[in-house]
Each structure stands twice: as C-alpha cells, then as structure tokens.
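The values are calculated or read from the model by the stated rules, or taken from the named source; none is laboratory data. Because the structure is predicted, anything quoted here is derived from the model rather than measured. Please note: Cβ atoms are built from the backbone with ideal geometry, for glycine as well, and neighbour counts cover all protein chains shown. Calculation scope for accessible area: heavy atoms of the full protein, side chains included, ligands and nucleic acids excluded. Shrake-Rupley method; radii C 1.70, N 1.55, O 1.52, S 1.80 Å.
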Amino acid sequence: DDDDPLCCPSMRAVERYRLSEGTWLQVADDAVFVQALQQAKYQANALDGASLPRVVQLVNGRYGETSERGRLELTLSRYALADLDREGDQDAAVLLSSQIGTQQVTTLTVMRNESASAQYVASRDLEITDNVQRLYIESDFIHIDVLTLGETDPPCCPRTRITQRYALDGDTLIFVDEVPAAEPLNFDEQAVGN
C-alpha cells in the first residue's frame, strides 16, 4: 500500500496479462482503472460560452476553474465498466456533470482501458441533468435510466422511468433509442460518492 514501509508490504496484488500480436500486455486491475478514470483527461464541451478548455485533467474525479461567468465545476458522477472494444480489459462509460451558476450539462464519455490508463474515445452532451437513476452496459449498448415527466405525472414530480441507449460506432457515440425502462439482467455501475 502507499502508506506501507518498504520492508513490509500489506496488500496482495494480482496481475493479469493477455497475449496481443505476440506480446504479453498487462491487463489492468479494475480498481487501478477506476483510479485512472478519476485522474484522466476528458474532452469537455463549453457551457454556453463558458471558457471550459477542450481537454481537462480531473483530480480525484473533479475539475474546477473560475471564469468571468463564475465558478465552473466538472465532476465524474457515475461510471459503468465493460469490455467495449473486446480486447480483454474493462473499458468505461462515464457520466460527467458540468455546472456553472445554475446551468448544468451532463456528458456521456467512453474511456478505453489501455494498460491501466484511461484514454478518451468519444463523448456526447445529453439532454438530462440530475434525474439519472442508473448507468450500465449490456449487450454492447450503454444504457442510462432516467426519471422524466410522464403524461400522468404531476409537474412537480417526474415518476416515469425511461432508458436511453447509446452505442459506440468507431470513435463516435450514437443515440440508438429511448424506451420504457426495464430492469437489466446484470450491470456494473457505480455512482461516485460526494
């Protein structure tokens, strides 16, 4: 562990490898990759003229800057792990929340696991903000369960759950469809604690 003296290691580690074109490559431990996600560089789109750089470096899952419009915060809010590129490592679908003043944008980003580092693949701003219930990957689709106002819901209280599905086509995230939400067969999703 980071706090161990050099004489006395206390953590057990398992290293995994895969054969790729005649070379052994280390397969990242999921915990190492999750840490890499929280320290990675992400492409971020501007918030209505905000001065958010094109690429930002997260530190412990967050990025902040002060601009003429106020304090801008970018936070890794959720992630789901799955082997999206079929190379043996867990890749990630990540939801980033950006906020400046009262304006908020949620961005879906795909990060590829390359030797335990998180490499940006694609991103897409979504029309949802804080009503995300679940993020998971199933059958090569990225699923986002969202609470929204249904026809019979009172204006104050969204109660209708829908699922938006996205797919990775090369290095592009495409919207596939939106359907009533169903319980997934299995998923690996984490909400990042505050």
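Values for this structure:
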read-out	value
Residue that is in a helix (DSSP H, G or I), surrounded by 16 or more Cβ atoms within 10 Å (Cβ to Cβ) and at pLDDT 85 or above, where the choices are V34, V56	V34
Residues (part of a loop (DSSP other than H, G, I, E, B) and in contact (Cβ under 8 Å) with a residue 40 or more places away in the chain) located in region 74-84	L84
Residues located in region 113-139, provided they are modelled with pLDDT under 85 and among the aliphatic types (A, V, I, L, M)	A116, I128
Strands (runs of 3 or more DSSP E) completely within region 86-188 that count 3 or more residues being under 15 Å from the mean Cα position of the chain (by Cα) and surrounded by fewer than 18 Cβ atoms within 10 Å (Cβ to Cβ)	117-126
First in region 60-73 and open to solvent by 100 Å² or more (accessible area, probe 1.4 Å), second anywhere and modelled with pLDDT of 80 or more and charged (D, E, K, R), Cβ under 8 Å, 6 or more apart	R62/E73; R71/E65
